[in-house]
1. Within 29 Å of K105 (Cβ to Cβ) and either within 19 Å of the chain's Cα centre (by Cα) or modelled with pLDDT under 90 (or both) - does that describe any residue in the range 178-185?
2. Go over the candidates S207, S185 one by one and state the one that is in contact with a helix residue (DSSP H, G or I) (Cβ under 9 Å, 6 or more places away or on another chain), touching a residue at least 12 places away in the same chain (Cβ under 8 Å) and either closer than 24 Å to S29 by Cα or surrounded by 16 or more Cβ atoms within 10 Å (Cβ to Cβ) (or both).
3. For I198, work out the one condition from (1) buried (at least 20 other Cβ atoms within 10 Å of the Cβ); (2) farther than 17 Å from L166 by Cβ; (3) within 17 Å of the chain's Cα centre (by Cα) it doesn't fulfil.
4. Which number in (1) over 21 Å from L166 (Cβ atoms); (2) crowded, with 20+ Cβ neighbours inside 10 Å marks the one condition that D217 misses?
5. Filter the range 135-150 down to the residues that are outside any loop (DSSP other than H, G, I, E, B) and not aliphatic (A, V, I, L, M), then identify the one that is surrounded by the most Cβ atoms within 10 Å (Cβ to Cβ).
Amino acid sequence: MPLTDEEIELINEFSQGLASEKLTKKFMSKYNSNKEFRDEAKLRLSVIAIMRAEEHNNRISEMRAIYKSTKVRKSARRYYWIAASLLLVICSILLIKSINRPHEKLFNAYYKPYPGEVIERGHSQKLISKVLQDYIKGDYEAVVFELSSRSNLSDSLYFYLANSYLNLGKYSKAKSSFKQIGKGSTYHISSQWYIALIYLHENQLDSCEIVLKKYSDTPSVYQHKMRSLLTDLNQH
């Protein structure tokens, strides 16, 4: 059965990275539950990847025309085109591989950076103020510099350190810092949510599901998201 215009538009937005969280969930639901949609989506996404690769090829052709008009040595020209060809191959491979990474799409749909809020007392007010200011303005490197060398941090400061690592794309260090937060902490369930997302980003879906199942029945601001992500994983 041919795809509807709405489904074609959904695939186009998804492939271009323009899909909202709601549309991404809709795409994943159809992709996982409808074989005809999945086969057609893979075909269309592959065509899009090839078209993008062709665009790269056209740009290289334009560069070639410009390049020929300049006086350069033949050896330099040969090395230039070897590098350009390799770049085209790498771009094509990356585009095609990105089609088969639904876990990354899910991560991008669910992950939202943690906003700054007041930290409980227990450390010097100067340290707390600096960490909050740096975090809120997005200077995550400064937060890491300030906290990573300290010991006996409070749960809240470990939480900000972990989120700073996460925002910097240092997933392993973020996970280690989140795990420093104890079960009795007000930040514990929040930290488990982000640990689950890190497992998702790393494509460790079983570990992600274990964390979500453990805490999805516990009332929290993340309970609905945990249950929703569990549903999406079960459809994967």
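The values are calculated or read from the model by the stated rules, or taken from the named source; none is laboratory data. Since the structure is predicted, the reported quantities are computational estimates derived from the model, not experimental observations. Glycine also receives a Cβ, built like all others from the backbone with ideal geometry; neighbour counts cover every protein chain displayed.
1. Looking for residues that are within 29 Å of K105 (Cβ to Cβ) and either within 19 Å of the chain's Cα centre (by Cα) or modelled with pLDDT under 90 (or both), one finds at least one in the range 178-185, hence yes.
2. When all the criteria are applied, what remains is S185.
3. With respect to (1) buried (at least 20 other Cβ atoms within 10 Å of the Cβ); (2) farther than 17 Å from L166 by Cβ; (3) within 17 Å of the chain's Cα centre (by Cα), I198 is out only on (2).
4. Of (1) over 21 Å from L166 (Cβ atoms); (2) crowded, with 20+ Cβ neighbours inside 10 Å, only one is false for D217: (2).
5. Only one residue fits best here, namely Y135.
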